[in-house]
Structures are given as C-alpha cells and as structure tokens.
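Here the structure is laid out as structure tokens; the discussion comes afterwards.
The values are calculated or read from the model by the stated rules, or taken from the named source; none is laboratory data. Model, not experiment: these values are computed from the prediction. Don't worry about glycine lacking a Cβ; one is built from the backbone with ideal geometry, like all the others, and counts go over all protein chains shown. With ligands, DNA and RNA removed, areas are computed over all heavy atoms of the protein, side chains included. Shrake-Rupley method; radii C 1.70, N 1.55, O 1.52, S 1.80 Å.
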Amino acid sequence: MCAAHEPLHCAAANLVTAVLDALAEKGGGPRFVLQRDYRSWKGSQQEVFLGHEHELWQHPVEFSSSDWWCSLPEYQALRAVVDDHEVLCTRLDTLVGFPSSLVRRQLDTVVVQYLLTPVVEATRAYRFDRDAFEAAYAAVEAGLLTETVRLVEYVPLLGLDMSPSLAGASLPDGLTIRPMSDVELSEAVRVMGIPIGQFTSTNSFILSRLHQNALVLERDFPVHSGSDQHPDAATPSPFDDAARRMLTALRVVCGGSVTYGRPMRLQDQEDFDAHRYASAILTAVHHPTEGRPTLLVDRAKVEELHEVYALLSDPRILRMRFLQNALRRLVMAGSRVLPEDRLIDLCITAESLFIQHPGLPPDTEQARTPRRRREGTPDWRPGTGHRGPTHRATGPGRLPAPQHRDAR
C-alpha cells in the first residue's frame, strides 16, 4: 500500500506488531464477549425494533495504563511522528470536532479502537495480519487528515405516511424527508423525542411506521481542534425556522395531523471517530392523531411543497397578519384530537381569511352586518338587557311589550 504519509504508516505498523507480540507472550488468546447495547436499536420488522447485540473484544487491562504505553519504544516513535506533522499534531491528544461540539481524541484510544481491534477481530488471535491492518490504517489516515466534518440536524416527523419512492426527495434549503437511520432513531428514543407504541420486552419495542421519518438538514463544517481554542459562536442554525415552515407547508398541501418530535443534532456516523450520541432540544412532543395521518405519496405534492414553502418566506406574505393568523390556526387545527376543537380553529381560520381580511371590497361591509341589525329588529342576547335600537329594555330575559299601530 502506498500511504499518503509513509512515516506514520511505518510507525503505526510497528506499534501494532509490538503490542500484539507483547500480548501473545503473556499466553492465551483474545477474549470476546457478547454485549447487548440498550442505547442502540435495530429494525427487525416494519414496526418492531430489537436491542443491538454484538460481539466485542475485551481489551486487556494494560491498555488502561499510560505507563504501559509509554514503556513501548514503538509508541514513543509514533508520537514523535505525530508531533512533527503540522496537521496530525492538532488532531490527536486534543479536542476535535465542529464549533458546537469538541470531543477529546487520545492517541492510544485511536490505536486500540481503529488499528488493533480490526486486526484482532479479523484474526481472532494476537497475530499481525497485513491485509486487515492496511484496510484499518487507510481509514485512520484519511480520517485524521480530513478537513471537514458533517453535522446532521433532524427532527422526527410524527404522523407522516410517505411513499418509499419519495424518500430523500430534494426539498428547498437543502432539506430532505427520509426514514431515520438506526442510530438517529435510537437517539430520538433515548431523549423521548418520539412516542413509542409499546415495550414488548426488555429487548424490544413497537414504533408506528408513521413516526419513523424525519426532516433532515446536513451541513459540512471545517474541523476545529485545540484544547485552548474557543471557536466563535456559530451563526444560528437555519434548521429551526425551516422545520416550522415545512410543517406548515405539509399541513397546507397534504393535510392530516403531522407534527414533529424533538430537534436533534448528530455528527454523521460515516465520519472518522464520530461522536456516538446526539444533542437534543427538549421541547414538548405534540402527538398527532394517528387516525388522520398526513399522506405524502405523490411526486406532484413535492412540487407543491416547494411552492408553498417559498411563499411562506415571502416578505409580502409575512406582513399579512390576517394570513399569518389563519395559517397558525390551520396548523393548530390539524393537531387537535377532538372534532369540536378542530372546528373552532377552522372557524377562526375562515374568519381571518373572509371577515377580518382588510383587502375585502367595501361593498362587503354591509354583507358582514347581520340582517336583523340592518332592519332594526331586536339584537337579543340571552342574559343581557340589550334589545337593539328600536326597543326599550324591560329587564333580563323578558320580551318587550308588543307595539300596535293603533295604540293610543
């Protein structure tokens, strides 16, 4: 293999060989244990998820001792190569990540997790395997020298039924709607960002297929590193505002009761040494009405989403307060459980559009006045003494005395 940085390649190969020889001299072989991770769930069926079980190499106790590592000449040689490189010296034994999330990356941890473990798992013995090492080293070198990291921002869409052919369809501002990966879904479950239907056992649960899609925005950031570096505060993410507009567009175009769970931020798990866990905004989770899901099954609807989403950010639309109020109540109506509550919200929406609209023609002003008021008939309201302009009030709940034309 022709490595981009040959001194690093030779030093890493020498260290892995020395560690494996030292462990082999102790006698015995590597020990593997079956571990169940209750923070990592894997889809078994469409709505059934199981706890992830995987076999792990149980690391020798020597790996936890910094003195043991420093006693190896090959480890000192590798550290010298790292310190002499202008990029590698900023990527190891320091904080690494993007502005809002810097995680410490240790040299010995990288050696164990990304160089030694793949070799031992491939050979099932303390024996150096050239092919397994070369494949592992290529990923390590590329990851250490990369210049960008990818941030994935996503929010689970609850109550959305989407056609598989539309998964990952391009939406405005770099947004996409797609099924969540196992890691993304596991993190949403961990922070209670999606409603779980039922825990069928300690190792499985049921999650409705209507809650397995997410609105996603992926962005690249330059790698930040350095324990004494304080990156400037990143500009506010456009994702929160975009998610609110897309939810309104989904309600307007597709109807239904779609809502969203808790917004999440996670480093792309394809990145080298990606942080395992996500951060979440602990907002309230509004449960949709599963009997009225939002259906996104037609590509023509995607085009309409583009159009409505663009209109929702138009400054002229934003200045129309009556329209903003109508849209807000329309979105609220979709998430109501009781039909009576939905009817109230929809009536307020209609009132904002067709009664309070300041752009209505002047001749509609008379039409908005009740007929009985225009004709001078009593405007009687129960529990009040108001009888309208042509009658004298005679007390609450009592009808006025009849008036006869021939009365003296």
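The set of residues in the stretch 42-85 being free of Cβ contacts under 8 Å to residues at least 24 places away in the same chain, under 16 Å from LYS26 (Cβ atoms), open to solvent by 60 Å² or more (accessible area, probe 1.4 Å) and of a type outside the set (S, T, N, Q) consists of VAL61 alone. The set of residues in the stretch 114-129 that are without any contact (Cβ under 8 Å) to a residue 24 or more places away in the chain and under 33 Å from the mean Cα position of the chain (by Cα) contains only PRO118. Does ALA350 meet the test of being in contact with a Leu (Cβ under 8 Å, 6 or more places away or on another chain) and at pLDDT below 95? The answer is no for ALA350. Say we look at the stretch 312-332 and pick out the residues that are without any contact (Cβ under 8 Å) to a residue 60 or more places away in the chain and within 24 Å of the chain's Cα centre (by Cα); which of these is most open to solvent (accessible area, probe 1.4 Å)? The qualifying residue most open to solvent (accessible area, probe 1.4 Å) is ARG328.
So if I check each of LEU175, LEU157, LEU171, LEU185, which one is over 22 Å from ALA249 (Cα atoms), touching a residue at least 24 places away in the same chain (Cβ under 8 Å) and open to solvent by less than 40 Å² (accessible area, probe 1.4 Å)? Sole residue among the options that is over 22 Å from ALA249 (Cα atoms), touching a residue at least 24 places away in the same chain (Cβ under 8 Å) and open to solvent by less than 40 Å² (accessible area, probe 1.4 Å): LEU185. The sole residue among GLU153, GLU184 that is modelled with pLDDT of 95 or more, within 12 Å of TRP41 (Cβ to Cβ) and of a type in the set (D, E, K, R) is GLU184.
Residues that are touching a Ser or Thr at 6+ places or on another chain (Cβ under 6 Å), open to solvent by 40 Å² or more (accessible area, probe 1.4 Å), in a strand (DSSP E or B) and more than 17 Å from PRO30 (Cα to Cα) do not occur anywhere in the stretch 102-116. Within the stretch 86-100, being out of contact with any helix residue (DSSP H, G or I) (no Cβ under 6 Å at 6 or more places or on another chain) and without any contact (Cβ under 8 Å) to a residue 40 or more places away in the chain holds for one residue alone: GLU86. Looking at the stretch 6-41, which of the residues that are open to solvent by less than 70 Å² (accessible area, probe 1.4 Å) and closer than 30 Å to ASP182 by Cβ is modelled with the lowest pLDDT? The selected residue is ASP37. For ALA139, the requirement of being part of a helix (DSSP H, G or I) and open to solvent by 50 Å² or more (accessible area, probe 1.4 Å) is met. Among the conditions (1) under 20 Å from ALA274 (Cα atoms); (2) modelled with pLDDT under 95; (3) open to solvent by 40 Å² or more (accessible area, probe 1.4 Å), the only one that GLY97 does not satisfy is (3).
Could we say that ARG178 is of a type in the set (D, E, K, R) and part of a loop (DSSP other than H, G, I, E, B) here? So ARG178 fails the test.
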